[in-house]
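The values are calculated or read from the model by the stated rules, or taken from the named source; none is laboratory data. Not measured: the values here are computed from a predicted model. Reconstructed Cβ throughout: ideal geometry from the backbone, glycine too, with neighbour counts over all protein chains shown. Surface accessibility is based on the protein's heavy atoms, side chains included, excluding ligands, DNA and RNA. Shrake-Rupley method; radii C 1.70, N 1.55, O 1.52, S 1.80 Å.
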Amino acid sequence: MRQHKSMSRRRLLWAGGGIGLAAVAAPLLNATAQAAPEGFRTSVTDLGPGIVQFALMSGIQVGDTVYIGSRNLAPTRVIGFHLPTRKVVSQTEIGYGHSIQALAADKDGKYLYAGVLTKGDEGKPNLYRWDLSTPDKPAVGVGRTEDRDIRELAVAPDGTVYAVGGIPGKAPALWMYDPADGKMTNLGIPDPKATLARAVAATDKTVFFGAGSVLSGGGEASKASLYAYDRAKAEFANVTPTELEKDPSVRELAVFGDQLVVSTSGSTEPAKLAVMDLADLSSYAVKSTDGKVVKNLTAAGDVIYFATDAGLYSYSTATEALAPVEFEGPDLGEIWGLDHADGRLTVVSGYGFVGEIDLAARTSVITELGKAGAPLSPQTAMGIAADDTYVYVGGNNVIARHELGTDKVLNLRAPGEAKDAELLAGVLYTGQYSSQGMWAYDPANDKQPHQIASFPSEQNRPLDVCQDPVNRLLLVAAQSDTEGGGSLWTFSPKTGKKQAFINPVDENQTVRAVTSRDGVAYLGGDNPTTTGPRGTVVAFDPVAGKELWRIDLPTSLTTGVAALAVQGVNLYGLTRQGGFLVIDLKTRKVVHTADHRDICPGFAAMVTSRGMVYGVSDTTLFRFDPKTFAVSNVVPEINGGWYSGPHVNADDDGRLYTMRGRNLVRIDDRKVS
């Protein structure tokens, strides 16, 4: 095995543009631990940053500069991309939270406001202001909403700032920041059953608040709701068009002249666009699209431009014609910013580039932000898959391919997020969030990953991917953010046949975990609602689509299943708060339980390797004894840099791969005879 030099720099190759960029330098440590008391020898090899890119989550054009907010990078920051020179000419570090989804500027273009997303509310400001007249001076925190996450901002013509967002378990409020006195005020909760607000727009007289339940949907959670807040009377009025009420959420709002434009996120129906008369909100037109989401609204005259998951579209308010924006250029991926000026659309792509589209000429110019001077940083990671040649790490709009035995890393482009993945015969299969189904990548034949199967769009969040070697199927556990519950997906790589089994546990429990033995799929249920079983394990026939048997978790395990693995005749399960159980698959009885919250305080993942079941939490990599089920720490304080829960996978030789901080690590854990 090749030993890495301690200070080598890993090469980062952008597959999309063929641009070679030096990644963040990281020492590659190959430290071998002493044999543990129970007779294991463990070595940990640092393979460098798992994913390096300038990941982004927002964009807005102010004058001739596009300001772009970072995503899942440390520190959080906003950069300024100058369109005439196509260079990054300014940046400010926010340094708090993990992402910036909301950007808004005042009418004079002097102040840029940024809203922050965080993992936990530390009582710090989540609203920042950057004075664009002095871009060398950093943005400053000016206010804090008690809803933790700011998802959208709007600045009224008089300079008053309005913010919306949310925090789990609490209905979102409309917040106001007054720059005259620096105060942040809660203006009230218009929709007590909403779980998230992502849209706000403001005029001199009215603030429009758009919400719903694109996260934590189902049950009694509300769907799309639109409220008008009278600034003088301090009163809310429900003005939701009837045609939008079946969609899970209002996605975006914008005021263009005398019209309010409203877009939605779709679920069981396609997303919609509504144009409302500001003088009479009961007068409106609604247009259904082919997309799963409509967002990034901009306008030129009577033409509204917007982005969907399928690309760019235009809508004429005069003719009510809806059409794709045609141009020569690459796939734009997930779009986070769209503005119109002087016959051009400026697109901020989650693939890490800015696209300039000439509408008349139907041409485009693409500028990679890394090449233009954006800082490249290690990103928090998602799914991991490994064999004896490559290790793949999922991120936002990217899958990093690490070539084992070399320093080469290739960034592949895939829209959304590769939540989990498996490798079969050298081919990578992923579950892609949101509503992207399954994707595949064959390094021998493919330049980029491609979609191989779609599934019901409301089953939007794949969580766990495994193989069923008996039935020659890939199995995917999925969650429905908007409708509640979840599903099991099956896909045959040989025939392309697919199936989706909706709510195989029950209508409340998502399918958070899946594993397989002897052609039976074992599903781990997790109930986010307040009623019903907390968690259930279901044995399921993935071919016939029939339940075989089920076991509700013992009452001592108070949360749902986070991870499952099989070793021998035993099914291992971990809950979302470190509860551990073992089910004997022959007797179908729980034969062991334990509390491992000290090493597994939250979400977890498990894998079977070399006859042992290994688990990883946000803090620790550990193993279970196959006879006594006792737990032992393998790598304490691993503290992986995860965005949506930890992952661990094994290569063909049984070596484990996971994250330590934001670096990919290989763990060789061998029993000493």
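Residues that are touching a strand residue (DSSP E or B) at 6+ places or on another chain (Cβ under 9 Å) and open to solvent by 20 Å² or more (accessible area, probe 1.4 Å) within segment 252-270 comprise Glu252, Val255, Phe256, Gly257, Asp258, Gln259, Glu269, Pro270, listed in sequence order.
Could you tell me whether segment 214-224 includes any residue that is touching a helix residue (DSSP H, G or I) at 6+ places or on another chain (Cβ under 6 Å) and modelled with pLDDT of 95 or more? Yes, segment 214-224 contains at least one residue that is touching a helix residue (DSSP H, G or I) at 6+ places or on another chain (Cβ under 6 Å) and modelled with pLDDT of 95 or more. The set of residues in segment 534-556 being among the aliphatic types (A, V, I, L, M) and either assigned to a loop (DSSP other than H, G, I, E, B) or more than 16 Å from Arg517 (Cα to Cα) (or both) consists of Val543, Ala544, Ile551, Leu553. Residues of segment 166-208 that are farther than 26 Å from Asp258 by Cα, open to solvent by less than 50 Å² (accessible area, probe 1.4 Å) and within 20 Å of the chain's Cα centre (by Cα): Gly166, Ile167, Thr195, Leu196. Could you say whether any residue in segment 177-185 is under 30 Å from Ala300 (Cα atoms), in contact (Cβ under 8 Å) with a residue 40 or more places away in the chain, out of contact with any helix residue (DSSP H, G or I) (no Cβ under 8 Å at 6 or more places or on another chain) and outside any loop (DSSP other than H, G, I, E, B)? Yes, segment 177-185 contains a residue that is under 30 Å from Ala300 (Cα atoms), in contact (Cβ under 8 Å) with a residue 40 or more places away in the chain, out of contact with any helix residue (DSSP H, G or I) (no Cβ under 8 Å at 6 or more places or on another chain) and outside any loop (DSSP other than H, G, I, E, B). Residues that are among the polar types (S, T, N, Q), part of a strand (DSSP E or B) and open to solvent by 10 Å² or more (accessible area, probe 1.4 Å) within segment 470-506 comprise Gln479, Gln499, listed in sequence order.
The residue of segment 396-441 that is surrounded by the fewest Cβ atoms within 10 Å (Cβ to Cβ), among those that are touching a strand residue (DSSP E or B) at 6+ places or on another chain (Cβ under 6 Å), not acidic (Asp, Glu) and not in a strand (DSSP E or B), is Ser434.
Residue-wise test of (1) modelled with pLDDT of 95 or more; (2) open to solvent by less than 10 Å² (accessible area, probe 1.4 Å); (3) β-branched (Val, Ile, Thr); (4) part of a loop (DSSP other than H, G, I, E, B).
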{"residue": "Ala31", "(1), (2), (3), (4)": "no, no, no, no"}
{"residue": "Ala35", "(1), (2), (3), (4)": "no, no, no, yes"}
{"residue": "Glu38", "(1), (2), (3), (4)": "no, no, no, yes"}
{"residue": "Ser43", "(1), (2), (3), (4)": "yes, no, no, no"}
{"residue": "Gln61", "(1), (2), (3), (4)": "yes, no, no, no"}
{"residue": "Val66", "(1), (2), (3), (4)": "yes, yes, yes, no"}
{"residue": "Leu73", "(1), (2), (3), (4)": "yes, yes, no, yes"}
{"residue": "Ile79", "(1), (2), (3), (4)": "yes, yes, yes, no"}
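Within segment 586-601, the residues that satisfy the criterion of being surrounded by fewer than 17 Cβ atoms within 10 Å (Cβ to Cβ) and either out of contact with any strand residue (DSSP E or B) (no Cβ under 8 Å at 6 or more places or on another chain) or not in a strand (DSSP E or B) (or both) are Lys586, Thr587, Arg588, Arg597, Asp598, Pro601. Criterion applied to Leu564, Leu557 was being modelled with pLDDT under 95, crowded, with 21+ Cβ neighbours inside 10 Å and touching a strand residue (DSSP E or B) at 6+ places or on another chain (Cβ under 9 Å), and the one residue passing it is Leu557.
Residues of segment 279-301 that are assigned to a loop (DSSP other than H, G, I, E, B), open to solvent by 20 Å² or more (accessible area, probe 1.4 Å) and either of a type in the set (Lys, Arg) or touching a strand residue (DSSP E or B) at 6+ places or on another chain (Cβ under 6 Å) (or both): Lys292 alone.
Annotation note: Cβ proximity below 8 Å between a residue of segment 450-476 that is within 24 Å of Thr268 (Cβ to Cβ) and β-branched (Val, Ile, Thr) and a residue that is open to solvent by 30 Å² or more (accessible area, probe 1.4 Å) and not in a strand (DSSP E or B) (sequence gap 6+ or interchain) occurs for Ile452/Gly496. Given the criteria touching a His at 6+ places or on another chain (Cβ under 9 Å), at pLDDT 95 or above and open to solvent by less than 40 Å² (accessible area, probe 1.4 Å), does Leu656 qualify? The answer is no for Leu656. Filtering segment 638-663 to residues that are part of a loop (DSSP other than H, G, I, E, B) and within 16 Å of Asp387 (Cα to Cα) leaves His647, Val648, Asp651, Asp652, Asp653, Gly654, Arg655.
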